[in-house]
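Single-structure report; data block below.
Read-outs throughout are calculated quantities, based only on the coordinates presented, and are distinct from any laboratory measurement. Quick caveat, the model's predicted, so the values are computed rather than measured. Note that we place each Cβ from the backbone using ideal geometry, even for glycine, and neighbour counts take in every protein chain shown.
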Amino acid sequence: MPDAATATVAPPRDATKEIGFGDAVREAIAEEMRRDPTVVLMGEDVAEAGTTFKVLKGLVEEFGPGRIIDTPISEVGFTGLCVGAAMTGMRPIADIMFGDFLMLVMDQIGNQAAKIHYMSGGKWNVPIVIRATMGATRRSAAQHSQSLHAWPSHIPGLKVVVPSTPYDAKGLFKAAVRDNNPVVFFEDKISYTKVKGLVPTEEYVIPLGVADVKREGSDITFIATSSMVQVALGAAAMLEEVGISAEVVDPRTTWPLDEETLINSVKKTSRCIVMDEGYGRYSVAAELAQTVQEGAFYDLDGPVRRLCAMHVPIPFSPALEDVTVPTEKQAFDLARQMCNR
Amino acid sequence: MPDAATATVAPPRDATKEIGFGDAVREAIAEEMRRDPTVVLMGEDVAEAGTTFKVLKGLVEEFGPGRIIDTPISEVGFTGLCVGAAMTGMRPIADIMFGDFLMLVMDQIGNQAAKIHYMSGGKWNVPIVIRATMGATRRSAAQHSQSLHAWPSHIPGLKVVVPSTPYDAKGLFKAAVRDNNPVVFFEDKISYTKVKGLVPTEEYVIPLGVADVKREGSDITFIATSSMVQVALGAAAMLEEVGISAEVVDPRTTWPLDEETLINSVKKTSRCIVMDEGYGRYSVAAELAQTVQEGAFYDLDGPVRRLCAMHVPIPFSPALEDVTVPTEKQAFDLARQMCNR
Amino acid sequence: MTTATKMATDAAVQIGKEKLLRLYEQMIAIRLFEERVNDLYTRALMPGLAHLYIGEEAIAVGVCEALQPDDYITSTHRGHGHCLAKGASPPLMFAELLGKEAGYCKGKGGSMHIADPATGNLGANAIVCGSAGIATGAAYASKYLKNGRVAVCFFGEGALGQGILYEEMNLAQLWKLPVIFVCENNSYNEYTHFKEATAGDVAARPEAFGIATHTIDGQDVRTVYQTASRYIERARRGEGPAFLQCITYRYHGHHVGDIARAYYRPKAEEQEWVTQKDPITLHGQWLMDNRMADRATLDAIQEKLVKEMDAAVEFAVNAPYPDPSRVTEDIYA
Amino acid sequence: MTTATKMATDAAVQIGKEKLLRLYEQMIAIRLFEERVNDLYTRALMPGLAHLYIGEEAIAVGVCEALQPDDYITSTHRGHGHCLAKGASPPLMFAELLGKEAGYCKGKGGSMHIADPATGNLGANAIVCGSAGIATGAAYASKYLKNGRVAVCFFGEGALGQGILYEEMNLAQLWKLPVIFVCENNSYNEYTHFKEATAGDVAARPEAFGIATHTIDGQDVRTVYQTASRYIERARRGEGPAFLQCITYRYHGHHVGDIARAYYRPKAEEQEWVTQKDPITLHGQWLMDNRMADRATLDAIQEKLVKEMDAAVEFAVNAPYPDPSRVTEDIYA
Ligand SMILES: Cc1ncc(C[n+]2csc(CCOP(=O)(O)OP(=O)(O)O)c2C)c(N)n1
Ligand SMILES: Cc1ncc(C[n+]2csc(CCOP(=O)(O)OP(=O)(O)O)c2C)c(N)n1
Ligand SMILES: [Mg+2]
Ligand SMILES: [Mg+2]
């Protein structure tokens, strides 16, 4: 169910330059800011510092401190401010440095931004983008490593994006900025540096709500989000060696959710593993698994399984943290077992 | 997986007095406060007013304003304060008037209370109970009607209770107060006045993590939580009329989760409908459904289905609000269809 | 002449007869509206909860009469007065309160969520202090877009307990945003006296952020109007936010169902406010004392509004409920 | 005699030689500890991020030396100094920083989460101002349980941007809780000068809540110690919370990786603080000027601590990592 608001066709993959995941986000922001003067971005150390992750480096030089705005350490304050600005003629981007800090602003996102359009009988719109990060293994410990996309995905009125490639991140971010609804956009921190990819030089927008098949296969489907897409692709390559053909489907947005593409893939392969870096219980993985089971039950060869962050506060020690995130090997082993080979 | 912390056996149902759902909570609080002087309760208008729902009426008269404490309108402030008090010798109960306000305090619950024991290598404990309400159809509109138990259930380090009867509410609340971990306790507002039931006059405690079969049946299993248990029981009665035998299983706590009881019931009946008043997507219902499918897949006659709050901000108008909550009729119809009768 | 009479004539001259009568009329409108809400609620015709604004009319009216039509306001759970003062139409208000399709929010918002772009009403909010960010953000947009609009954030003194207020005051002053924080101090946070919930001095809090702060008699509509006008124009000139603490009182319960109040506030206190400090009586008397109107004129205003309000109630009572199918509309823009 | 010398002798008398030397020793210990953290981090032996306390030692030491062993503290992302000053053992600290099983938190917390009941350390916190509630709650428990303990909440001036601080200050003053809010104002919130993030006057904020507030030179350990002692004992007597703003400076980057700092703060400014206002140099000189110690004594202290710290590092470097199976322990009590 792609959105009217953003239903422009994604261009063919005649990509012509390679950029990093963070570059993709920065390019999307820069392009939308050039295109629409009502787009501003605010957050902590986003201007000269270009954020802690340096992802926005250079933007303040082009757009000035009036549009790339350093704020006090007030996530609630500037997110709430952005909600009001979004209602009154602007398209603000609120920058939440670490996704864990979303816990501070859930009222502004979930009780305010998500509900204003509905509560007002459709009269007020809240075209805000909330940028947040996700992903562990940076040795940042329990309060700086969570992937909390399950929470906003649970609340009607919000849209949630979990891109896995530079191509998707750029196209989806542009759609998020143009969307007339509150959109929470999750960026995997590890991908900033680790993931590179080709993007077209000409402009393109990817509609929210369209899944993407990252790899075609016939024996088993990996439904993977964000950081887990790379892991699923790695596992798929390993599986090929042993003669198992794995398909990798990336929903790209958890809401709107492209149920059809997910379900059709599983109807074809009859097996499914959902991979997501959020916690596994009461989660994104639970929803994707259940959605597939409701839709493809009679084609399933066995239960849909989940590979997610271990259900523990994320530990600091590398020796411990590394075992909390799903690996290619785990995905490979589970898939093999499910295919009985 | 019942908790050691609270593993006392639930007494036989030789209940000897009938009380309301709210009375059960008040009795549990009063008994635990008599038993343990370090138990205090704080929140907005909890003392003389006895809360907006009058559930705590009389407690301040018995325990005084030093233990039943009115606070400023500072959910974050007093919840954070309770976290610190819990670490330093007390067993505070933080009263969050409307569950919707949990959105304000998720950082204190999810980033602080939930993680302190783990981050400290097991050295500090946080024996706090966060009381919150849930449930719609009170014409309170989008910001006063949500059932947000999915959020804390997603976070490791928290325990979450969703009682459906006075008997369960009382026994589980006492366990929550005695538990050495942060427990979020959800009370359905409608049940305060609508649900009555028998409780033993002698003291009892119900361990967290033990599901309860509210009604035995052989054709289909309703896994229902909180307010939906009554609805499921109503549907089961209707189904009996048409010769369908429905079992109703109440997990009672979403974490710890008694997977075994849920799975065994579905293995027996081969059909399952999960009923929960929270939103259906990325939710408690998604988890319970997926848990059952992973555990009972080969015994399932068809996909596990969900009946939850409609995926909309909860509307004010009775004409609209009433269609957002699952009804006995909906449960009856879906069950019949699943049983092909 | 005495200072009292001098101040009076000053006000008369500065404010002008037309506006002075308008202030009276608007307060009466709110009073009559709320009396009907009380009636509808007690007759079980209104769902949910009803938080009446009766007794506090001078604040909404004094402030909103100092605003331009396209200026913004945010409101609270006790918001009917703010919405009406900013120009809401009574029939559409009543319709919303009764959950009817014809209401401002198609029945989806109800009493605590009246919103209306046409009158610059960003919405009432059921989260205490939940709109402090929205109002500050509207002020931010006004400054960024250079459209000269001012945003007013109404809230009760109970909102002083919410951390977001301090984050927004800091941002507003730091960026010199045209937002006016209007604190309606009616002494009670639901059933708790604000002194049991508020340490130190209220006015010192905004002052600590460098915000221009003024504490005024919230029952004197002329003072509210003149003070608000001054700070609103100051904000419009780009000189930054202001904080007005208006001392007031709610005559009725926290909500209509709150009848037995003796346990949290003395009957005598209620009586004193109702009999000695009623904003409508005081302003009506002042208008007569200063020959701006005679009893007959004031009665005429009242009669006209009574008819209007009764018609509005009738419209709302007879209006249809939304079709249940509408429930899934308006979730996304 | 001059006021300077008079004050000096006063301090000497009031504080006493033993404590004055102890203050010096503790500051050196933190400085040496952090220098080794810097080294371990640059040698890639320490995972995560390292926020050094170098330059701010006088605050943690002055405050914690005024506390009893069973008093409480909460700390921040820049917390090594607070933990050591409250009595943490360097080997166990280094072990935690390196993610080793022998660490204070079994390697589960790391640099930003050192916690230790034995020294009353409720934990460092990686959420800015995230421990304001915890400290206030510990103070609440102390008052409720009548155990006479005081809680100190350390935080940087960036925490002034978080609403929770105001909610807790209100509760603390309202209930007269024995909590001391210690604001370490080093002028920078990461890479932004606090004046660009903070409206009005810092000290006026706690004052607005009626909290006893004092702004002091955070580089003068004797002043910190004496002022803290005064307010801590006041709190212990049940007279309520206090807020100390300590003016200080961090010599290094926000974290070790923050090398090129010219874009947010001038090198000259850094130089001035390092050369003119170093708390250790100043106190050392003062000890010698007042004949409390000669250079040899001070050097001896330093040498002893260097050995201790080097041994501590060695212990930590050689300590084993936790077995991966430990990851699922300690989730629930
Ligand atoms: C965050 C939050 N906490 C609690 C409530 C419940 N509540 C509704 S109104 C109210 C009292 C508000 O008092 P005040 O701000 O003084 O406004 P008044 O009712 O006096 O106009 C409370 C506690 C709420 N709606 N939102
Ligand atoms: C709620 C929250 N927002 C943002 C951050 C990221 N962050 C970590 S330290 C810091 C700056 C803190 O500045 P200050 O409080 O002055 O302490 P200092 O580093 O100067 O000691 C920020 C923004 C965080 N950890 N928590
Ligand atoms: Mg009030
Ligand atoms: Mg600082």
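Tabulated data for the structure shown
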item	result
On Cα atoms only, tilt of B:259-269 relative to the major axis of chain B in degrees	20 degrees
Amide H contacts of residue D:182 (H built 1.01 Å from N, under 5 Å, at least 5 apart or other chain)	D:153, D:154, D:155, D:244
Extreme residue, positive dipole direction of the protein assembly as shown, given options C:173, A:16, A:162 (C-beta unit charges)	C:173
Fully extended contour minus Cα-Cα distance, from residue D:271 to residue D:236, at 0.36 nm per residue	8.6 nm
Integer Hz, Karplus 6.51/-1.76/1.60 couplings in order for the stretch C:50-67, x for Gly and Pro	10, 9, 7, 9, 3, x, 10, 3, 4, 6, 4, 5, x, 6, 5, 5, 8, 9
Neighbouring partner chain Cβ atoms per residue of B:89-99, average, 10 Å criterion	2
Order by protection proxy (mean Cβ within 10 Å, highest first), peptides A:279-292, D:234-247, C:75-88	A:279-292, C:75-88, D:234-247
Computed helical MRE - 222 nm, the protein assembly as shown, DSSP H runs ≥ 4 contributing -39500 (n - 2.57), nearest 500	-12500 deg cm²/dmol
Relative contact order, percent, the stretch C:40-163 [alpha-carbon distance under 8 Å, six or more residues apart]	26 percent
Crossing angle, helix B:166-178 versus chain B [Cα axis fit, 0-90 degrees, rounded to tens]	40 degrees
Euclidean distance of C-alpha centroids, the stretch C:60-82 and the stretch B:213-257, integer Å	50 Å
Cα-centre dipole for the protein assembly as shown with unit charges at Cβ (Lys and Arg positive, Asp and Glu negative), debye to 20	920 debye
Where rotation carries D onto C, the chain D residue whose Cβ is nearest that axis, in whole Å	D:163, 1
Partner lysines for residue B:329 [C-alpha distance under 21 Å; skip if fewer than 8 residues away on the same chain]	B:194, B:214
Peptides A:74-83, B:90-99 ordered by average Cβ neighbours within 10 Å, highest first	A:74-83, B:90-99
Relative packing of C:256-269, A:18-31, which averages over residues the other C-beta atoms within 10 Å, highest first	A:18-31, C:256-269
Cβ-defined net charge surrounding residue A:164, 13 Å radius [Lys, Arg +1; Asp, Glu -1]	-1
Selected from C:176, C:100, C:17 as most flexible by GNM, with chain C as the system and alpha-carbon contacts under 10 Å	C:17
Partner chain coverage, peptide D:309-321 - average Cβ within 10 angstrom	0
7 Å along Cα→Cβ, label-point gaps from residue C:239 to other copies, nm, shortest first	4.1
Shielding of D:201-209 by partner chains, average beta-carbon count, 10 Å	5
Distance from the stretch C:248-262 to the stretch D:317-333 (C-alpha centre basis), Å	57 Å
Angle in degrees between helix B:75-87 and the longest Cα principal axis of chain B, rounded to the nearest 10	80 degrees
Estimated FRET transfer efficiency when R0 is 35 angstrom, pair residue C:303-residue C:10 (beta carbons, to 0.05)	0.65
Fewest-first ranking of D:10, C:71, A:250, using other Cβ atoms within 10 Å as the exposure measure	D:10, C:71, A:250
Proximal aspartates and glutamates to residue A:268, defined as alpha-carbon separation beneath 17 angstrom and excluding residues fewer than eight positions away on the same chain	A:212, A:216, A:219, A:247, A:250, A:258, A:259, A:260, A:294, A:299, A:301
Under 12 Å from the Cα of residue D:176 - aspartates and glutamates, other chains or at least 8 residues apart	D:168, D:239
The stretch B:101-147-the stretch D:16-39 distance, computed between alpha-carbon centres (Å)	41 Å
